[in-house]
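Scroll down for the structure; my scribbles are underneath it.
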Amino acid sequence: AWFREHLGVTIAEGVKLSKAIDHECGERFNRSLELARAEARKRTDELIAGQQATEDQRSDLESRIGCALHFGQSESLLAFTPEELSRFSDVPMQTSECFLRRMSQEFGYRNSSFPVSFIDAAEAPWDYNTLNERPIVRRNGKYWLFVGPLLRAALFTTFYFDLLSDAAYWPTFEKARGSYLERKTAECLRQVFPPEMTLLNPLYPNGEEMADVMVLHDHKIFLFQCKSKALTYRAPIGSDFNVLRDDVRKAIA
């Protein structure tokens with residue numbers, strides 16, 4: 001309900017649209033490659049027949065011509081309109097537009113939290129890339145997906161910040177997320193230890209919770225307290241070891 005109200009698209013619809021875009025781009029790429037190869041062979045045959053090239057040059061010519069024909073069709077390979085997305089995804093037009101509105105950016109877009117991204121060439125390799133939050137690029141009414149895998153990856157991370165920005169809803173989300181994490185932890189532990197010895201949210205006699213998950217094994221008791229903390233942006237990319245160490249300490253605390 002929160003996603004429908006605030007973004008106009010649910011996670012399930014986002015996944016469906018992402019898969020449809022991935023499949024459509026793959027189909028276009030394969031179709032274009034096949035046509036380019038066939039046309040490259042035809043043109044090479046004509047050049048050899050007209051004595052403008054020799055048989056020894058065939059492989060190089062076919063490769064060059066095929067690449068020019070295939071990669072010269074970038075707009076038909078990588079760009080689509082909202083109408084096309086709605087058609088090949090079988091998702092209503094309004095929902096497709098909401099998805100594109102949230103997952104796309106205009107050329108030149110900058111996240112205000114990272115105003116100096118790609119200003120310093122020495123820092124640029126690990127600067128914040130806005131394609132991680134909005135992987136689709138808008139230009140002249142069309143939407144371009146330059147790095148296909150980023151779209152699927154963004155679905156796992158970018159909406160977290162939409163939820164974070166809603167102070168009124170955040171406690172509800174945190175409670176649901178915590179409950180999911182505890183339940184998933186118990187499920188994983190039950191694949192290792194006997195299920196009847198893996199207890200979710202065990203209580204003290206007074207009704208107070210002892211731990212998120214408890215495992216009884218070999219005369220020992222394992223207590224699991226589930227916490228989560230995202231790493232700051234600079235921590236996992238190797239640019240500042242002290243930041244990484246500080247993040248780990250805070251996560252443990």
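The values are calculated or read from the model by the stated rules, or taken from the named source; none is laboratory data. All figures in this text were calculated on a predicted structure; none of them were measured in a lab. Cβ placement follows ideal geometry from the backbone for every residue including glycine, while neighbour counts extend to all protein chains displayed. With ligands, DNA and RNA removed, areas are computed over all heavy atoms of the protein, side chains included. Shrake-Rupley method; radii C 1.70, N 1.55, O 1.52, S 1.80 Å.
With outside any helix (DSSP H, G or I) and open to solvent by less than 30 Å² (accessible area, probe 1.4 Å) as the only criterion, which of Gly8, Gly14 stands out?
Numbers: Gly14 fails: outside any helix (DSSP H, G or I).
Residue meeting the stated conditions: Gly8.
Within the range 46-65, how many residues turn out to be over 36 Å from the mean Cα position of the chain (by Cα) and under 30 Å from Leu78 (Cα atoms)?
Pass one, the range 46-65, residues over 36 Å from the mean Cα position of the chain (by Cα): 46-61.
Okay, now just the ones that are also under 30 Å from Leu78 (Cα atoms), so 58-61.
So the answer is 4.
Looking only at residues in the range 85-126 that are of a type in the set (A, V, I, L, M), over 19 Å from Thr232 (Cα atoms) and outside any helix (DSSP H, G or I), which one is least open to solvent (accessible area, probe 1.4 Å)?
Val91
In the range 200-230, which residues are part of a strand (DSSP E or B) and either touching a residue at least 40 places away in the same chain (Cβ under 8 Å) or open to solvent by less than 60 Å² (accessible area, probe 1.4 Å) (or both)?
So in the range 200-230, the residues part of a strand (DSSP E or B) come out as 200, 203, 209, 213-217, 220-224.
Within the range 200-230, Val213, Met214, Val215, Leu216 meet the criteria.
Which one of Phe118, Phe114, Phe161, Phe107 is modelled with pLDDT under 90, out of contact with any Gly (no Cβ under 6 Å at 6 or more places or on another chain), hydrophobic (A, V, I, L, M, F, W, C) and closer than 25 Å to Arg28 by Cβ? Give the derivation first.
Details: Phe118 fails: closer than 25 Å to Arg28 by Cβ; Phe114 fails: closer than 25 Å to Arg28 by Cβ; Phe161 fails: closer than 25 Å to Arg28 by Cβ.
Going through Phe118, Phe114, Phe161, Phe107 in turn, just one is modelled with pLDDT under 90, out of contact with any Gly (no Cβ under 6 Å at 6 or more places or on another chain), hydrophobic (A, V, I, L, M, F, W, C) and closer than 25 Å to Arg28 by Cβ: Phe107.
Ser239 is checked against (1) polar (S, T, N, Q); (2) open to solvent by 60 Å² or more (accessible area, probe 1.4 Å); (3) out of contact with any Leu (no Cβ under 9 Å at 6 or more places or on another chain); (4) part of a loop (DSSP other than H, G, I, E, B) and fails just one. What number does that condition carry?
So the condition that Ser239 fails would be (2).
Step by step: first the residues of the range 208-253, then only those that are closer than 27 Å to Arg183 by Cβ and of a type in the set (S, T, N, Q), then the one that is modelled with the lowest pLDDT. Which residue is that?
By that ranking, first place goes to Ser228.
Which count do you get for residues in the range 130-159 that are free of Cβ contacts under 8 Å to residues at least 12 places away in the same chain and on the phi < 0 side of the Ramachandran plot?
First, pick out the residues of the range 130-159 that are free of Cβ contacts under 8 Å to residues at least 12 places away in the same chain: 140, 149, 156.
With the extra rule that they be on the phi < 0 side of the Ramachandran plot, the set shrinks to 149, 156.
Summing the residues that are free of Cβ contacts under 8 Å to residues at least 12 places away in the same chain and on the phi < 0 side of the Ramachandran plot in the range 130-159 gives 2.
Write out, first by first residue and then by second, each pair whose Cβ atoms fall under 7 Å of each other, whose residues are 6+ apart or on separate chains, and whose first residue, in the range 9-20, is without any contact (Cβ under 8 Å) to a residue 60 or more places away in the chain while the second is assigned to a helix (DSSP H, G or I) and surrounded by fewer than 18 Cβ atoms within 10 Å (Cβ to Cβ).
Correct list of pairs: Thr10/Arg4.
Does at least one position in the range 72-84 carry a residue that is at negative phi, touching a strand residue (DSSP E or B) at 6+ places or on another chain (Cβ under 8 Å) and surrounded by fewer than 16 Cβ atoms within 10 Å (Cβ to Cβ)?
First, the residues of the range 72-84 that are at negative phi: 72-84.
Those left that are additionally touching a strand residue (DSSP E or B) at 6+ places or on another chain (Cβ under 8 Å): 75, 78-82.
After this cut, where a residue has to be surrounded by fewer than 16 Cβ atoms within 10 Å (Cβ to Cβ) as well, the list is 75, 81.
Scanning the range 72-84, I find at least one residue that is at negative phi, touching a strand residue (DSSP E or B) at 6+ places or on another chain (Cβ under 8 Å) and surrounded by fewer than 16 Cβ atoms within 10 Å (Cβ to Cβ), so the answer is yes.
Consider the range 33-67. How many of its residues are open to solvent by less than 70 Å² (accessible area, probe 1.4 Å) and assigned to a helix (DSSP H, G or I)?
15
Exactly one of (1) within 30 Å of Leu85 (Cα to Cα); (2) touching an Asp or Glu at 6+ places or on another chain (Cβ under 6 Å); (3) in a helix (DSSP H, G or I) is unmet by Glu182. Its number?
(1)
Restricting to the range 127-147, name every residue that is open to solvent by 30 Å² or more (accessible area, probe 1.4 Å) and either part of a helix (DSSP H, G or I) or closer than 19 Å to Val9 by Cβ (or both). First the steps, then the outcome.
Step one: filter the range 127-147 for residues open to solvent by 30 Å² or more (accessible area, probe 1.4 Å), giving 128-129, 131-132, 134, 138-144, 146-147.
Selection gives Leu131, Asn132, Arg134, Arg138, Tyr143.
Kindly list the number of the only condition in (1) outside any helix (DSSP H, G or I); (2) open to solvent by 80 Å² or more (accessible area, probe 1.4 Å); (3) touching a Leu at 6+ places or on another chain (Cβ under 9 Å); (4) not aromatic (Phe, Trp, Tyr) that fails for Gln191.
So the condition that Gln191 fails would be (3).
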